[in-house]
Every structure is written in C-alpha cells, then in structure tokens.
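The values are calculated or read from the model by the stated rules, or taken from the named source; none is laboratory data. It should be emphasised that the depicted structure is a prediction, and the values quoted were computed from it without experimental measurement. In this analysis, Cβ positions are derived from the backbone assuming ideal geometry, glycine residues included, and neighbour counts consider all displayed protein chains.
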Amino acid sequence: MRARRRLGRAAFFGGIVLAAFGLVLVARRAPRRAAGNLSRTPTGGAAQAEDVRAAVATEGGVLATAIVEDARRYDVRVWSFGLDRYELSIEDAGMTTALDAVLARTGAELVVNGGFFDPEGKPVGLAVSGGVIISRLAKKLSGGVLTFDGTRAELFPAEDFVLPDGGTFAVQCRPRLVVDGQANVKSDDGKRAERTALCVRDEGQRVDVVIVRGSDDGESPGPSLFALAQHLAEVGCESALNLDGGPSTGIAWRAGEEVRLVPPRGPVRHVVAFHARR
C-alpha cells in the first residue's frame, strides 16, 4: 500500500513537471514564430513588398518610423522643414566627421551629409549653393538633381539637366528613390547600407531629411534602396533623392539650446544645411 502511495505521488509530481516544461517550450516558440513573420526573405535576399512595413512613433519631436527587411528593424528618423521658413545651402565639411562643428560655424538648424565625392575628397556631381556652382553636373553619374529656387523644391532627372532660372541650390546624387509619388527602384540589388535621403512633399513646399542607420556592430548594416524607396512612397513622399550613404550617413541638429549629433562613420566633403529665414 505504501509503495502504491509513493508511486502515486511520484506520478502526480512528475505530471506537474512535464506540464511546466511544456509551457516553457510554448513560450519559447511563440516569439520565434512572430519574428519569422517579419520577413520571409533570408539575409541578403531580395526583399518582397510585404517585408517593408512602417510603424510610427514620436521621439523627441522628431517623427520616427521603421523599415523591416530581412527580419531586421531599421529606425528611420525624419526632420521636416517648411520652405516658407527655411532655406537650403551646401556647406563644406572639410572631410571631417564633426558635423556639429559645421552646424555651429554656419548657424544652421540642421546639417546632413550631402552628395558623393571621390577618394581624394573632390565632390562628384552638381552642387550649387547661393547661386554659385561649387561642382559641375556629372552626366555619367546620372541619378537626379534636387533644386530649390527660394520658394519650392523640385527633383529633376540628371540627364540634360539645366539649372532653372532663379535656382539658388542644387545637389546631384543617385538614385531617384521616388518619382511622381511612386517608388522608382524596381528591384533589390542585394546591397545593404546606412541611408540618407531628401523627400519632397506638399508640391515642393516641404522637404524631409531622412536617415536610416544600421547597428554599431555591423550585424544589421541597413536597408536596401528598394526597401527605402518603397517606404518613402508609402509615407507620402512625392519625390525623393538618395544622398551619399554608408559610412557618410550622419547628421547634426539643434534641439532647443542643445546640439545633437549622429556622426558619420567616415569623413564627408559636403553637407546640406537648413537655415531659418531671417
């Protein structure tokens, strides 16, 4: 009889242990299934449209969204400027990463890395600031040219581009991410990197500065141009131009009395600056 009672108690406690173990397995598997739903694309593979999703939140007065690609989430940070209150210029960063110093020197509200440059630090592509041509149009570069005439911004194809009358600002880079409200990058080339872009809204009356950073350890390098273009079209950009990205992606801005900096991982030649109108 005692032996039977001991066997009964052992079976009872054994059942409890097995049930608890089962709950642990269920809890472990649930997050894996959820994470797997973020993307069906393996790392380095072509992203499908459903892999690119946006989630909106507010962060320190800056609209923050997210791109999800390759089962990785990339924060997208956006600063928006009404061109009735701000002007654009191109400033020489002197092949430095100290964009906060450029911000202080120029008195700008925000500076972000600009167009391409060659290994010697010479700018590549059209750069115009204050009506002065800093660098000539590079037809072989192609891409697009974003202009500002003191009133509105507009994005043109670079082929056969001529600076419009009254044009005070222009920056050439590639590719054009959004054209006429539609994503202009048609496929994923498999490349992943940190990104910088300018998004035109409200018929050229507003420009958004967009940056997407990867992780510091390099495990999440950044999104594809395909994913970025899809995202910018989805959030309402009428046109958008990709700027120099990868290690050049960086930004400095004023937050009240403070200056904040996300330094590029490498030196940059030019920055696009936004100045409050006087």
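I need the full set of residues from the range 160-207 which are among the hydrophobic types (A, V, I, L, M, F, W, C), modelled with pLDDT of 95 or more and farther than 23 Å from residue 91 by Cβ, in order please. Residues satisfying the conditions are 177, 178, 179, 183, 185, 193.
For every residue, the table says whether it meets (1) over 24 Å from the mean Cα position of the chain (by Cα); (2) under 21 Å from residue 195 (Cβ atoms).
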{"position": "87", "(1), (2)": "no, no"}
{"position": "101", "(1), (2)": "no, no"}
{"position": "121", "(1), (2)": "no, no"}
{"position": "132", "(1), (2)": "yes, no"}
{"position": "137", "(1), (2)": "yes, no"}
{"position": "173", "(1), (2)": "no, yes"}
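Having 1 or more residues that are under 16 Å from residue 175 (Cβ atoms) and free of Cβ contacts under 8 Å to residues at least 24 places away in the same chain is the bar; report the strands (runs of 3 or more DSSP E) wholly within the range 203-278 that clear it. Once the strands (runs of 3 or more DSSP E) in the range 203-278 are filtered for at least 1 residues that are under 16 Å from residue 175 (Cβ atoms) and free of Cβ contacts under 8 Å to residues at least 24 places away in the same chain, nothing remains. Residues that are of a type in the set (A, V, I, L, M) and touching a residue at least 60 places away in the same chain (Cβ under 8 Å) within the range 164-198 comprise 171, 177, 178, 179, 198, listed in sequence order. Scanning the range 228-278 for residues that are of a type in the set (Gly, Ala, Ser) and either buried (at least 24 other Cβ atoms within 10 Å of the Cβ) or closer than 28 Å to residue 134 by Cα (or both) turns up 229, 239, 240, 245, 246, 248, 250, 252, 266, 273, 276.
A single entry from 155, 177, 137 fulfils the requirement of being over 18 Å from residue 268 (Cβ atoms), in a loop (DSSP other than H, G, I, E, B) and of a type in the set (A, V, I, L, M): 137. Is it fair to say residue 208 is closer than 19 Å to residue 109 by Cα and under 13 Å from the mean Cα position of the chain (by Cα)? So residue 208 fits the description; yes.
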